[in-house]
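Mind having a look at this structure? Questions to follow.
Just so you know, all these numbers are worked out from the coordinates, no wet-lab data involved. Note that this is a predicted model, so its numbers are computed, not measured. Cβ sites come from the backbone with ideal geometry, for glycine too, and all protein chains shown count toward neighbours.
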């Protein structure tokens, strides 16, 4: 299991990108802010949750500021934030 040890950020607030902030928590909490939330919220959350599951992260506070990013971008941003958060601990 990957342990989120510190606050980490990946991405930008540019159009077609997303900024993902992740930090330690006792449970998994995902907060989504998106310009396309009304239409794509379910798809975005599935992408984020599947990426976290693949990385074996089940405890984290995840905040996503989405600006219309594709799934591959969202997944890459989440993965990068997790890796940065776990970097010092050597968990991943």
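Take the residues in region 47-69 that are in contact with a helix residue (DSSP H, G or I) (Cβ under 9 Å, 6 or more places away or on another chain) and surrounded by fewer than 17 Cβ atoms within 10 Å (Cβ to Cβ); name whichever of them is farthest from residue 18 (Cα to Cα). Spell out how you get there, then give the answer.
From region 47-69, those in contact with a helix residue (DSSP H, G or I) (Cβ under 9 Å, 6 or more places away or on another chain) are 47-48, 50-52, 54-55, 57-58, 60, 62, 64, 66, 68-69; that's our starting set.
Going one step further and asking which of them are surrounded by fewer than 17 Cβ atoms within 10 Å (Cβ to Cβ), we end up with 50, 54, 58, 68.
Values: 50: 17, 54: 19, 58: 21, 68: 7 Å.
Per the criteria, the residue is 58.
Given (1) more than 15 Å from residue 1 (Cα to Cα); (2) under 9 Å from the mean Cα position of the chain (by Cα); (3) crowded, with 17+ Cβ neighbours inside 10 Å, where does residue 44 come up short, assuming only one miss?
(2)
Here is a further query. What single numbered condition from (1) surrounded by 16 or more Cβ atoms within 10 Å (Cβ to Cβ); (2) under 13 Å from the mean Cα position of the chain (by Cα); (3) touching a residue at least 40 places away in the same chain (Cβ under 8 Å); (4) not in a strand (DSSP E or B) fails to hold for residue 75?
(3) is the only condition that residue 75 fails.
Okay, next question. Among the residues of region 28-59, which ones are farther than 21 Å from residue 83 by Cβ and part of a loop (DSSP other than H, G, I, E, B)?
35, 36
Tally up the residues in region 10-29 that are crowded, with 17+ Cβ neighbours inside 10 Å and under 11 Å from the mean Cα position of the chain (by Cα), please.
8
Among the numbered criteria (1) more than 15 Å from residue 79 (Cα to Cα); (2) under 10 Å from the mean Cα position of the chain (by Cα); (3) without any contact (Cβ under 8 Å) to a residue 24 or more places away in the chain, which one does residue 32 miss?
(3)
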